Structures are given as structure tokens and as C-alpha cells.
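Note sheet for the following structure.
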Amino acid sequence: MEIRKVGVIGAGTMGNGIAHVFARSGFSVVLCDVERRFLDRALETITKNLEREVQKNKITIDDKASALQRIEPVTERARVAECDFIVEAATEKFEIKTEIFRDLDRVARPEVILASNTSSISITRLAGLTGRPEKVIGMHFFNPVPVMKLVEVIRGLATSQETFTTVCELAVKLEKTAVEVNDAPGFVSNRVLMPLINEAIYAVMEGVATSEAIDEVFKLGMAHPMGPLTLADFIGLDVCRDIMRVMHEGLGDPKYRPCPLLLKMVDAGWLGRKSGRGFYKY
Ligand code: CAA
């Protein structure tokens, strides 16, 4: 089956980036979220980011217009029944994904692959919620999706070779590089990145250095484009906390305990860039 129409569930930061790259690569996209205002905001962001690409001569004005035309925003999830491939990029909560995967399994045609952009939830567990575990896979994009080249492709225990190959081929069409990873809490990206961020937060909490100093160390000493605390604000401190919790629970090792300062900041509503305050003010 040729994949022409792609369903994207969730129009947040990751969902709108995923819709952007599929539409830019010529796929029709059904972008689904629960409220019209989330879709309006996503289309605004996609328009702005496509314009950025026009300004950089990466695409033409016509490419931008046709990419936007290929995205259909919908609030009725049943509309993804028309899609040949579905990527879920909803909130990183297992209960929310449970409801979505059960529903997608009911709505989508039996041959359709259900991919999740989850950053740490078990693909095997999501697959077990469906009657098509061999067609469930992790397709983990990185923020900002139009810029970052990586797609971490995660095989659940039952994911078939055919599903894996299809997703790797799709990544190539999106001009991304697929890296194969097995299913384990945090996969590879967050298994390694989040303890770095969490440890940087411990260093702030213990007064080892200021946030600015820690970020300078990583920018100038290790050539990271952003220091770990700027990156934490960029990812969202609630997302960082949730990923640490998944690894703490799933791996059972106290080294994955979320830093108390991270928990406190999330409780205060200091979620990083999106809330206007995190380790920095925006
Ligand atoms: N959409 C499209 N293009 C964008 C963009 C967006 N949202 N944001 C930036 N760009 C483009 C710019 O147009 C620019 O393009 P050129 O290189 O062609 O000029 C390029 O990206 C660099 O942008 P800027 O010059 O404005 O800014 P910068 O040099 O500071 O780069 C950055 C910004 C790309 C975000 C860079 O700081 C970076 O790579 N940061 C690290 C990002 C990272 O680690 N992401 C992974 C987060 S973890 C995750 O996503 C997964 C998870 O599970 C938590």
C-alpha cells in the first residue's frame, strides 16, 4: 500500500512539526486535536516556520502554499479513517495515549501502521492495547522537527520487520535519518539526555553554579548548541519530569529520581519557555 495520506494526532509543538515535515514532503495530512483553537495555533506556527524556510531559500513560496493546502485540520478523530499511516503526538500521559490507541485501532483500516512519537512510554505497552501489535512502532522526532535530522525508530516486542522498514523509508522521504532502537524506558535519546539535564538541575539546587554558568560550560566546553538548562526550558520542565518518572519507575534505579527542584518548579507552573518562566524568564 502506498502511503499518501498521514494522520497526525495532537497539534502541539511536536504534532505541528510532524505535520509540517510530512506536508512539506508532499503527503496529505489530517491534523487532529480536541479543540479548534489548538489547530488554529498549530497552523499559525506551521505558516511561520514554512515562511522561515522560504526566507532561507530552502523552499519556494509555492512550496509553502502547497504544503499548507495539504494540511487539513480536524477535531473529529474518526476522520483519520481515511489515512494510510498515523502518528500519535498527544500529551505524554499513558492514560491519554491508552484512550487514543484503543480508538485508533477501532477507526483505522487494519493494514494501517500506528506510530507513536512518545519520548519514553513503552511501545510494547501501547501495542498491547491494540489488535495489531505488529503494526505499532515508535517514531520519535526531535524539536524543532523541521530542523532536527534524527528520527529514533523504536521496535516494540511484536513490531514486524515490514512495519520497521516502512517507517525507515518514510523517514528518508522526510529527509530525516532513522536510527534503530529497541524498546526500553527513555529509549536512547532520553535515557542519556534526561539524566544530564536532571544532574544540571541538581547542580543549580546545590549551588554548584548558576544556570547561566552551567549552560556556558556545555556551550563553550562541549559545543552543545544550547546548555542543558536552556534545553530543559525549551523541552518543557513538565515533559522532563514525566520522562524522568517513566525511567525511574521503569528501570527502578534511584539514579533516575527527578531532582526535587525540577518537581518544585513544575508545581509552581514554571514550565520553561511555554509558560514564560523556567530556569530563565521569557
Ligand atoms: N522551524 C523551522 N526552522 C527552524 C525552527 C523551527 N521551529 N527553529 C529554528 N529553525 C531554523 C532556522 O531557520 C535556522 O536555519 P539555518 O540553519 O538554515 O539558518 C536554524 O534552524 C537555526 O536557527 P537559529 O539560527 O534561529 O537559532 P539557533 O542557531 O540558536 O538554532 C536550534 C536553534 C536549532 C533550536 C538549536 O539551538 C539547537 O539545535 N538546539 C538543540 C535542540 C535540541 O536538542 N533538540 C532536541 C530536544 S529533545 C526532543 O525534542 C525530544 C524529547 O524527547 C524530549
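Picking from residues in region 63-109 that are of a type in the set (Ser, Thr, Tyr) and under 30 Å from GLY186 (Cβ atoms), the one that is farthest from the chain's Cα centre (by Cα) is THR98. Residues that are open to solvent by less than 30 Å² (accessible area, probe 1.4 Å), in contact with a helix residue (DSSP H, G or I) (Cβ under 7 Å, 6 or more places away or on another chain) and either part of a helix (DSSP H, G or I) or on the phi > 0 side of the Ramachandran plot (or both) within region 1-48 comprise GLY15, ASN16, ALA19, HIS20, ALA23, ALA42, ILE46, listed in sequence order. Take THR166 and decide whether it is within 30 Å of VAL54 (Cα to Cα), open to solvent by 30 Å² or more (accessible area, probe 1.4 Å), over 18 Å from the mean Cα position of the chain (by Cα) and in contact (Cβ under 8 Å) with a residue 12 or more places away in the chain. Yes, satisfied. Taken together, the residues in region 129-148 that are more than 7 Å from the ligand (Cβ to nearest atom), under 18 Å from ALA19 (Cβ atoms) and open to solvent by 10 Å² or more (accessible area, probe 1.4 Å) amount to 0.
Within region 246-268, the set of residues being over 13 Å from PRO185 (Cβ atoms), in a loop (DSSP other than H, G, I, E, B) and out of contact with any Lys or Arg (no Cβ under 8 Å at 6 or more places or on another chain) comprises ARG257, CYS259, ALA268. Out of region 167-176, which residues are touching a strand residue (DSSP E or B) at 6+ places or on another chain (Cβ under 6 Å) and not in a loop (DSSP other than H, G, I, E, B)? Once the filter is applied, which keeps residues that are touching a strand residue (DSSP E or B) at 6+ places or on another chain (Cβ under 6 Å) and not in a loop (DSSP other than H, G, I, E, B), region 167-176 yields VAL167, CYS168, ALA171.
Output the residue which, of all residues in region 188-244 that are more than 12 Å from the ligand (Cβ to nearest atom), outside any helix (DSSP H, G or I) and not β-branched (Val, Ile, Thr), is farthest from ASP267 (Cα to Cα). Checked region 188-244; the qualifying residue farthest from ASP267 (Cα to Cα) is ALA209. The residue that is farthest from ARG24 (Cα to Cα), among those in region 149-163 that are surrounded by fewer than 24 Cβ atoms within 10 Å (Cβ to Cβ) and among the hydroxyl-bearing types (Ser, Thr, Tyr), is SER160.
Among the residues of region 84-127, those that are among the aliphatic types (A, V, I, L, M), more than 16 Å from the ligand (Cβ to nearest atom) and open to solvent by less than 20 Å² (accessible area, probe 1.4 Å) comprise ILE86, ILE100, LEU104, ALA108, VAL112, ILE113, LEU114, ALA127. Out of curiosity, is ILE46 within 11 Å of the ligand (Cβ to nearest atom) and farther than 26 Å from ASP233 by Cα? Answer is no for this residue. Within region 13-28, the set of residues being within 16 Å of the ligand (Cβ to nearest atom) and at pLDDT 95 or above comprises MET14, GLY15, ASN16, GLY17, ILE18, ALA19, HIS20, VAL21, PHE22, ALA23, ARG24, SER25. Residues of region 238-256 that are under 22 Å from the mean Cα position of the chain (by Cα) and closer than 23 Å to ILE214 by Cα: ASP238, VAL239, CYS240, ARG241, ASP242, ILE243, MET244, TYR256. Among the residues of region 151-166, those identified as assigned to a loop (DSSP other than H, G, I, E, B) and hydroxyl-bearing (Ser, Thr, Tyr) are THR159, SER160.
Among residues of region 1-22 that are acidic (Asp, Glu), those with a beta-carbon under 9 Å from a residue that is away from the ligand (no atom under 12 Å from the Cβ) at least six positions away or on a different chain give the pairs GLU2/ASP84. Applying the criterion of being out of contact with any helix residue (DSSP H, G or I) (no Cβ under 7 Å at 6 or more places or on another chain) and surrounded by 14 or more Cβ atoms within 10 Å (Cβ to Cβ) to the residues of region 220-250, the residue that is nearest to THR13 (Cα to Cα) is ILE235.
The values are calculated or read from the model by the stated rules, or taken from the named source; none is laboratory data. Just so you know, these numbers come straight off a predicted model, no measurement behind them. Virtual Cβ from ideal backbone geometry, glycine too; neighbours counted across all protein chains shown. Ligands, DNA and RNA are excluded from the accessible area calculation, which covers all protein heavy atoms including side chains. Shrake-Rupley method; radii C 1.70, N 1.55, O 1.52, S 1.80 Å.
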